[in-house]
Amino acid sequence: MDDLIDQALQLFAETIRSGPYTPAGRLQQAMSHLVAREFSRKDYLALFPRISPSTASRDLRRGVESGMLQKIGQRTLTRYRYILDD
């Protein structure tokens, strides 16, 4: 019985810890979900509910600065689009 509990706890811990912890990792993971359309910070946050809005803004700013994302609009109307190399 103890082994079963230990296995369940280990699986749970791996599930909790999994996920990208860097801005580049989150941006790369988000690309597979958001590449076909424009998206907002709110859309990005929906993919990563454990990060704060400030962290999402920093991630998206880094994406724009690196040339991975195109920023469209300003303030609350800001949208983003992935720039694809053809």
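Can you tell me how many residues within the range 33-86 are aromatic (Phe, Trp, Tyr) and at positive phi?
Quick first cut of the range 33-86, residues aromatic (Phe, Trp, Tyr) only: 39, 44, 48, 80, 82.
Cutting the leftovers down to at positive phi gives us none.
Total satisfying the criteria: 0.
Across the range 31-59, what is the total count of residues that are of a type outside the set (Gly, Ala, Ser) and under 17 Å from Leu84 (Cβ atoms)?
7
Let's see how each residue does on (1) part of a strand (DSSP E or B); (2) exposed (fewer than 14 other Cβ atoms within 10 Å of the Cβ); (3) of a type outside the set (Asp, Glu); (4) free of Cβ contacts under 8 Å to residues at least 12 places away in the same chain:
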| position | (1), (2), (3), (4) |
| --- | --- |
| Lys42 | no, yes, yes, yes |
| Ser57 | no, no, yes, no |
| Lys71 | yes, no, yes, yes |
| Thr76 | no, yes, yes, yes |
| Leu84 | no, yes, yes, no |
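It is to be established whether one or more residues within the range 25-33 are touching a Gly at 6+ places or on another chain (Cβ under 8 Å) and not in a helix (DSSP H, G or I).
no
Any read-out appearing in this document is the output of simple, stated calculations on the displayed coordinates, not a laboratory observation. A quick note: this is a predicted structure, and the numbers were derived from the prediction, not measured. Counting neighbours? That spans all protein chains shown, and the Cβs are built from the backbone with ideal geometry, glycine included.
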